[in-house]
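As C-alpha cells, the structure follows; a few thoughts come after it.
Any read-out appearing in this document is the output of simple, stated calculations on the displayed coordinates, not a laboratory observation. Please read all numbers here as calculations on a predicted model, not as lab measurements. Virtual Cβ from ideal backbone geometry, glycine too; neighbours counted across all protein chains shown.
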Amino acid sequence: MCCLRWSLLDVECVLLVAAVFGSQEFASSREPLVVTVCQVIARAEHYRGKVLKVSASVMSDGLEHTVLVDQSCPGSGLTLEFPAKPPEVPGVAALQEAIFAKQGRPGTLDKDVSAVFTGAFEWRPKESSKWALSVTRVSDVQWKFKE
C-alpha cells in the first residue's frame, strides 16, 4: 500500500503554479479580437459574447441611434451600446464631442467620424438591432466636416 504525503510547501507550490497559469490563460482569453464590422456581421455566431476591438466609421442621427459602419459592407452596422453610463466609459467624451460638435449639426450628416471601439459583441437575431457592441472603451476618435 502506497501512501502519498504532501507537505505544506508542496501544496503551496502547486497552488501558486495553478494561479499563475490560470491568470495568464484568463488574461489572454479576455484580450480583444481585432476585427472589422464586416467580419463580425459575416460571422456573428462565432463572435457572440467575445470581446472585440473594431475600427469603424460612426453614423448617428444625433438623437438616439448610433451605428458603427464599414464602407466595405454598406447597409449593415453594429449598434453602439454602453453597459455603463456613457461618461464613465473611457474615451466617450471625445466621441460625444465629435458627434455633437458645436459647429454644424448634431449627428454625422455633415461630418465624418471614426474611432476604435472595444467591447463585448452581442448577437440578437430576433431583434431589430441584431448586431450590437457593448462598448467599454473608445479610442483614436477622429472627425472632420464633410466637404
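Got a sec? How would Glu122, Glu45, Glu127 order by Cβ neighbour count within 10 Å, fewest to most?
Fewest to most other Cβ atoms nearby, the residues stand as Glu45, Glu127, Glu122.
Amide H to amide H under 5 Å from Asp110: which residues, 5+ apart in sequence or cross-chain, H placed 1.01 Å off N in plane?
Arg105
Please rank Leu109, Leu95, fewest neighbouring Cβ atoms within 10 Å first, as an exposure proxy.
The fewest-first ordering by Cβ neighbours comes to Leu109, Leu95.
Could I have the simple spin-label model distance between Glu64 and Glu45, label points 7 Å from Cα toward Cβ, reported in nm to one decimal?
Using points 7 Å along Cα→Cβ, the separation is 3.3 nm.
For region 104-113, take each phi angle, set θ = phi - 60°, evaluate the Karplus expression 6.51 cos²θ - 1.76 cosθ + 1.60, and give the result in whole Hz per residue in order, putting x for glycine and proline.
Using θ = phi - 60°, the values come out as x, 9, x, x, 10, 4, 10, 8, 9, 10 Hz.
In region 130-147, which residues have a backbone nitrogen under 20 Å from the label point lying 7 Å from Lys102's Cα in the Cα-to-Cβ direction?
142-146
Looking at Ser76, Val35, Ser57, which one has the Cα that reaches farthest to the positive end of the dipole of region 33-145 (charges on Cβ: Lys, Arg +1; Asp, Glu -1)?
Working it through, the farthest residue towards the positive pole turns out to be Val35.
Near the amide H of Thr136, under 5 Å away, which other amide H atoms are found, from residues 5 or more places off or on another chain, if H is placed in the peptide plane?
Amide H neighbours of Thr136: Thr118, Gly119, Ala120.
Let me make sure I get this right: for region 75-147, a, b and c are the square roots of the gyration tensor eigenvalues over alpha carbons, sorted descending. Under 1.5 in a/c it's rounded, otherwise prolate if a/b > b/c, else oblate. Which is it?
Note, shape of region 75-147 comes out oblate.
Order by neighbour count: Asp112, Asp140, fewest other Cβ atoms within 10 Å first, most last.
Arranged by neighbour count, lowest to highest, Asp112, Asp140 become Asp140, Asp112.
Cα centroid distance between region 62-79 and region 92-147, in Å?
8
Answer rounded, prolate or oblate for region 41-88, using the Cα gyration tensor with square roots of eigenvalues a ≥ b ≥ c: rounded when a/c is under 1.5, else prolate when a/b is larger than b/c, else oblate.
Oblate, since a/c reaches 1.5 and b/c is not below a/b.
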